[in-house]
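The values are calculated or read from the model by the stated rules, or taken from the named source; none is laboratory data. Being a predicted model, the structure only gives us computed values, none of them experimental. Counting neighbours? That spans all protein chains shown, and the Cβs are built from the backbone with ideal geometry, glycine included. Keep in mind that these areas ignore ligands, DNA and RNA; they rest on the heavy atoms of the full protein, side chains included. Shrake-Rupley method; radii C 1.70, N 1.55, O 1.52, S 1.80 Å.
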Amino acid sequence: MAYDFDLFVIGGGSAGVRCARISAGHGARVGVAEERFWGGTCVNVGCVPKKIMVNATEYGQWAEDAAAFGWDLEVKGHDWARLAEARDREVARLSGIYGKLLAGNGVTTFDARAKFLDAHTLQVGGKRVTAERILIATGGTPQRLDIPGAELGLISDDLFTLKALPKRVVVIGAGYIALEFACILRGLGAEVDVMYRAALPLRGFDDDIRTATVEALQAQGITLHPDVSPTRITRVEGHLMVAMSNNFMREADAVFFCTGRSPNTAGLGLEEAGVATNASGAVVVDEDHRTSQAHIYALGDVIDRVNLTPMATATGHALADTLFGNKPRKASYEDVPTAVFTNPPIGTVGLSEAEAAARGPVDVYVTRFTPMRHTISGRPGRRTLMKLIVCQKTDKVLGAHMLGEDAAEIMQGIGIAVRMGATKADFDRTIGIHPTAAEEFVTLRTRAREAGVQPPSQQAAE
């Protein structure tokens, strides 16, 4: 049959827009539907506005530290409304660019919700369209915990619509978003408490990084509540009261649920198309990103695999090249660098010590030091941690981890080396740039410990 489109993309975020744009560049007839805002979570209520607010907190700290370097500055306070205006202006500019990129490549766009009617047919707004291939790229959506009074709490999107800085904030959660929000709000002047169920924040990260993060958060005045869960939120005389599982209560002006995001699949009509999802609602795909329907694909946060904007963009580009560019390829999910924009930031790539040790013996190199800036400023809690995990058998660097100034910028370069399979000898042969923190990665000579070695009793038994 003749279809209206060669490819129809549901979702105008990073994965969807990249796949649509590149596919159209290869000559495909492409349509894209986006019901909320072009650019998706990252541009509008995620990475971009968050990083702008992180920058705002850094300026405040630099102004405070300036006196140690001989500057006589007067800091009169922070103007939330002025920051919000500048942030929103930049977000609008970037969101508009996404629409222009699609239009410039001949993509047909729909500012509407798309829903499957059958495996090749979609209801897009009030219009019925058909497509030979369909891509689901609807991202994720933030979730509240199922506790009494949850409706009184905010989700991550709400940070970017607040009209003023809350004076007292409770953040529930201990992942990327929770800790970044805690640092932003504290850096702009709020009192911040963070509640989480585990003993340490940042589940899945290297344990040395997790421990150092606790020290850094506490040093800036953030109060941590590990091993607890909120049980109820109530409104009392104009403020909120958060009850915890340890029978403590916390008073707040705002409560943020930063407790994870769920794949945004509700209401898409996936059952009408025969597209399978798992228990969490994520679309099930194979290694080629095909769903249970061979002509329907899914990418990005909606498959809940590696929920990072650059990963979504890379897989979208690869899928477009494969389907329409006569260049079949895949974007690897291995050794993906990432950053957490806490204060100070975290950068990481590859395996944690525990993950690497589970595969065999490894050598661990660790250093902690106060960077030059803060030997002068005297600001507490700004110690840097840098760590390499090295396979004993091959000398290959399996993981690199950093908490400290410019960690994200440094880790991008380290990520190239790890992705290429660099060895510890390669790092050692590289001349450092002095004086920088980054040079520590190529001057780590003394092994801190080894891990993943079998106990002597087990070795003897074998």
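Would you call Thr231 free of Cβ contacts under 8 Å to residues at least 24 places away in the same chain and more than 30 Å from Gly11 (Cα to Cα)?
No.
Find the residue count for segment 1-45, including only residues that are among the charged types (D, E, K, R), closer than 20 Å to Ala294 by Cβ and in contact with a Lys or Arg (Cβ under 6 Å, 6 or more places away or on another chain).
Count: 1.
Which residue is surrounded by the fewest Cβ atoms within 10 Å (Cβ to Cβ), if the candidates are limited to segment 401-421 and must be on the phi > 0 side of the Ramachandran plot and touching a Lys or Arg at 6+ places or on another chain (Cβ under 8 Å)?
Applying the filter and picking the extreme gives Gly421.
Do you know which residues across segment 277-317 are assigned to a helix (DSSP H, G or I), within 23 Å of Glu132 (Cα to Cα) and in contact with a Phe, Trp or Tyr (Cβ under 9 Å, 6 or more places away or on another chain)?
The answer is Thr315, and nothing else.
Which of the residues that make up segment 252-264 are touching a helix residue (DSSP H, G or I) at 6+ places or on another chain (Cβ under 9 Å) and either buried (at least 21 other Cβ atoms within 10 Å of the Cβ) or among the aromatic types (Phe, Trp, Tyr) (or both)?
Those that are touching a helix residue (DSSP H, G or I) at 6+ places or on another chain (Cβ under 9 Å) and either buried (at least 21 other Cβ atoms within 10 Å of the Cβ) or among the aromatic types (Phe, Trp, Tyr) (or both): Ala254, Val255, Phe256, Phe257, Cys258, Thr259, Pro263, Asn264.
Just checking, how many residues over segment 195-210 are open to solvent by less than 40 Å² (accessible area, probe 1.4 Å) and in contact (Cβ under 8 Å) with a residue 40 or more places away in the chain?
5
If you take just the strands (runs of 3 or more DSSP E) that sit entirely in segment 225-276, which of them hold at least 3 residues that are out of contact with any Lys or Arg (no Cβ under 7 Å at 6 or more places or on another chain) and closer than 29 Å to Leu122 by Cβ?
In segment 225-276, 261-263 are the strands (runs of 3 or more DSSP E) which contain 3 or more residues that are out of contact with any Lys or Arg (no Cβ under 7 Å at 6 or more places or on another chain) and closer than 29 Å to Leu122 by Cβ.
Checking Pro49 against (1) surrounded by 15 or more Cβ atoms within 10 Å (Cβ to Cβ); (2) closer than 30 Å to Asn343 by Cβ; (3) at pLDDT below 95, which single condition isn't satisfied?
Failing condition for Pro49: (3).
Taking the condition more than 16 Å from the chain's Cα centre (by Cα) and farther than 12 Å from Asp253 by Cα, does Tyr176 pass?
On the way: more than 16 Å from the chain's Cα centre (by Cα): no; farther than 12 Å from Asp253 by Cα: yes.
Answer is no for this residue.
Identify, please: which residue in segment 14-35 is under 16 Å from Gly140 (Cα atoms) and in contact with a helix residue (DSSP H, G or I) (Cβ under 8 Å, 6 or more places away or on another chain) and is, among those, surrounded by the most Cβ atoms within 10 Å (Cβ to Cβ)?
Once the filter is applied, the top-ranked residue is Ala15.
Of all residues in segment 430-449, which are within 15 Å of Thr367 (Cα to Cα) and either open to solvent by less than 60 Å² (accessible area, probe 1.4 Å) or of a type in the set (S, T, N, Q) (or both)? Can you show your working first?
First, the residues of segment 430-449 that are within 15 Å of Thr367 (Cα to Cα): 436-449.
Thr436, Ala437, Ala438, Glu439, Glu440, Phe441, Val442, Thr443, Leu444, Thr446, Ala448, listed by residue number.
If you check Ala425 against the conditions, is it at pLDDT below 95, surrounded by fewer than 13 Cβ atoms within 10 Å (Cβ to Cβ) and assigned to a helix (DSSP H, G or I)?
It is false that Ala425 is at pLDDT below 95, surrounded by fewer than 13 Cβ atoms within 10 Å (Cβ to Cβ) and assigned to a helix (DSSP H, G or I).
Kindly list the number of the only condition in (1) touching a helix residue (DSSP H, G or I) at 6+ places or on another chain (Cβ under 8 Å); (2) hydrophobic (A, V, I, L, M, F, W, C); (3) in contact (Cβ under 8 Å) with a residue 60 or more places away in the chain that fails for Met1.
(1)
Results for (1) surrounded by fewer than 18 Cβ atoms within 10 Å (Cβ to Cβ); (2) touching a residue at least 40 places away in the same chain (Cβ under 8 Å); (3) under 28 Å from Val284 (Cβ atoms), shown as yes or no for each residue.
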| site | (1), (2), (3) |
| --- | --- |
| Gly139 | no, yes, yes |
| Pro148 | yes, yes, no |
| Gly153 | no, yes, no |
| Thr161 | yes, no, no |
| Arg168 | yes, yes, no |
| Ala190 | no, no, no |
| Asp193 | no, yes, no |
| Ala212 | no, yes, no |
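Restrict the check to segment 348-365 and report whether at least one residue is under 21 Å from the mean Cα position of the chain (by Cα), under 15 Å from Phe441 (Cα atoms) and open to solvent by less than 10 Å² (accessible area, probe 1.4 Å).
yes
Go through (1) in contact with a strand residue (DSSP E or B) (Cβ under 7 Å, 6 or more places away or on another chain); (2) surrounded by fewer than 13 Cβ atoms within 10 Å (Cβ to Cβ) one by one and return the number of the condition Gly99 breaks.
So the condition that Gly99 fails would be (2).
Tally up the residues in segment 368-398 that are in contact (Cβ under 8 Å) with a residue 40 or more places away in the chain, outside any loop (DSSP other than H, G, I, E, B) and open to solvent by 30 Å² or more (accessible area, probe 1.4 Å), please.
6
Scanning segment 295-310 for residues that are more than 13 Å from Gly13 (Cβ to Cβ) and open to solvent by 30 Å² or more (accessible area, probe 1.4 Å), which turns out modelled with the highest pLDDT?
Looking at residues that are more than 13 Å from Gly13 (Cβ to Cβ) and open to solvent by 30 Å² or more (accessible area, probe 1.4 Å), I get His295.
When you scan segment 231-238, do you find a residue that is farther than 27 Å from Arg305 by Cα, open to solvent by 10 Å² or more (accessible area, probe 1.4 Å) and acidic (Asp, Glu), even just one? Break it down into steps so the answer makes sense when it comes.
To start, the set of residues in segment 231-238 that are farther than 27 Å from Arg305 by Cα comprises 231-238.
Restricting the remaining residues to those that are open to solvent by 10 Å² or more (accessible area, probe 1.4 Å) gives 231-232, 234-238.
Imposing the further condition that a residue be acidic (Asp, Glu) reduces the set to 237.
Checked segment 231-238: at least one residue is farther than 27 Å from Arg305 by Cα, open to solvent by 10 Å² or more (accessible area, probe 1.4 Å) and acidic (Asp, Glu).
Could you check segment 214-226 and list, in sequence order, the residues that are out of contact with any Pro (no Cβ under 6 Å at 6 or more places or on another chain), open to solvent by 30 Å² or more (accessible area, probe 1.4 Å) and on the phi < 0 side of the Ramachandran plot?
Of everything in segment 214-226, those that are out of contact with any Pro (no Cβ under 6 Å at 6 or more places or on another chain), open to solvent by 30 Å² or more (accessible area, probe 1.4 Å) and on the phi < 0 side of the Ramachandran plot turn out to be Glu215, Gln218, Gln220, Thr223, Pro226.
Please determine, by comparing only the residues of segment 311-338 that are open to solvent by less than 20 Å² (accessible area, probe 1.4 Å) and either at pLDDT below 95 or under 15 Å from the mean Cα position of the chain (by Cα) (or both), which one is farthest from Arg447 (Cα to Cα).
Ala312
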